[in-house]
Structures are given as structure tokens and as C-alpha cells.
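A.B. asks: Here it is: the structure, laid out below.
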């Protein structure tokens, strides 16, 4: 079983991503690893675009039924089981599936993990044996990008991600006004801080991936508002 998983990870997940990154580095990115990571991130987000669109659609629908959900919570505040069942029925009726959001985030997390292995095991250790014959073996991979080494820690990139998350969460919570709980306020602070600490101990290449993905999500949200704004 472990052997099968190892083969699948190496040949189906790791090798294609590694080859795509090196191909982008050699060609479109003009030997700029940071640009190659940005191109790769955009390409991956385009591949999972149907899932992302479904997640954005569900987000819009969920916003429209939020008042109904709050009413259900008020009516059945003493019976959590009935409360959950009524909410599930409402979401099924409106064709809202939380799994699209989970799938989108899960796929991005998987890519993040593989990208870490690609960078640490492939690029930093100069292990190019996984390259396909059609992909040119680079003599050296330059890891400098915008004045920072993508293989080293960088607190600035981690701080940018944390601030972006804080502003995004604050914006969402302001929509709920008085219904924001102490737990929500704690989450507003704790999640950005945790993200900063987690990213700070990792190579800064992760921050390029995350920031590009967040910018792509912001663009998706803007498009959603353009298409659904009039209805709202």
C-alpha cells in the first residue's frame, strides 16, 4: 500500500509539478524562479477554475440565505440537532454544497505541500532526475526574486500575507455587525498571527504561491460581485 502511494506521489503529483516549474523557469519566466512560481500558481488556479467558480457561486447563494439561517438558529437555539438539520435542508434546497470550497482549498494545500518538496528536494538539492526528456536541465536555478532568496525565510512576505488575511476577515465580519462573537474576534487576530508564524519558518517561495493565489481569489470575488451585484 505504501509503495503504491509512494509511486502515485512521485509520478502523478510531484514529477508533473516539478517539470512544469522547470519548464516555466527555462522558458516563459526567463530564468526567474519567482515569476515561474507565479505562472505555475495561475496555471493551477485556472485548472481548478470550475471548482473555484462553484465555490464563489455557493458563497453568493449562502449570503442570500444568511437571514434564513439566523432565523433557524433563533427558533431552534435550544435544540442544536434540529437546528443543524434545518440548515442542511435549507442549503440542499438552495443547492449549496460546502465541499466545493473544501475541495478548492484542499487542492491548493496539496499543491503547497508538493511545491515545498519540489523546492527543498529538487531545486535546493539539485535533484533533476525527475525531469522529462523534453524539459531542459538548467545548469543552475537562480532563487533570488525582488531582492529576497526564495529558499530562505522572509518576514516581510509573511507579514503581507498576515495583514491581507486580517483585512479580509475584518471586512467579512463587519458585514455581520452585532452578530460577531468573541470567538470571531479571537479568530480575526489568531489566524493571521498563526499564518505569519507558520510562513516565517518556511522558505519564502511559499509566500509567493499564497499571495498569488489570494490575488486570484480576490479577482474571482470581484467578478462575482460584477455578475451578482445587481441582484444583491
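A.B. asks: Going by C-beta contacts inside 10 Å, put 41, 181, 212 in order with the fewest on the left.
C.D. replies: 181, 212, 41
A.B. asks: While we're looking at this one, here's another question. Quick one: order 4, 35, 111 by neighbouring beta-carbon count within 10 Å, fewest to most.
C.D. replies: 4, 35, 111
A.B. asks: Set the Förster distance to 41 Å, then compute FRET efficiency between residue 81 and residue 107 from the Cβ-Cβ distance, nearest 0.05.
C.D. replies: Details: r = 32 Å, r/R0 = 0.78.
After rounding to 0.05, the efficiency reads 0.80.
A.B. asks: Hey, another quick one. Could you put 136, 160 in order, starting from the residue whose Cβ has the fewest other Cβ atoms within 10 Å?
C.D. replies: By the 10 Å Cβ count, ascending, the order reads 136, 160.
Here, each number is a calculation from the coordinates, and none is a lab measurement. Given the structure is predicted, the values throughout are model-derived calculations rather than measurements. Cβ sites come from the backbone with ideal geometry, for glycine too, and all protein chains shown count toward neighbours.
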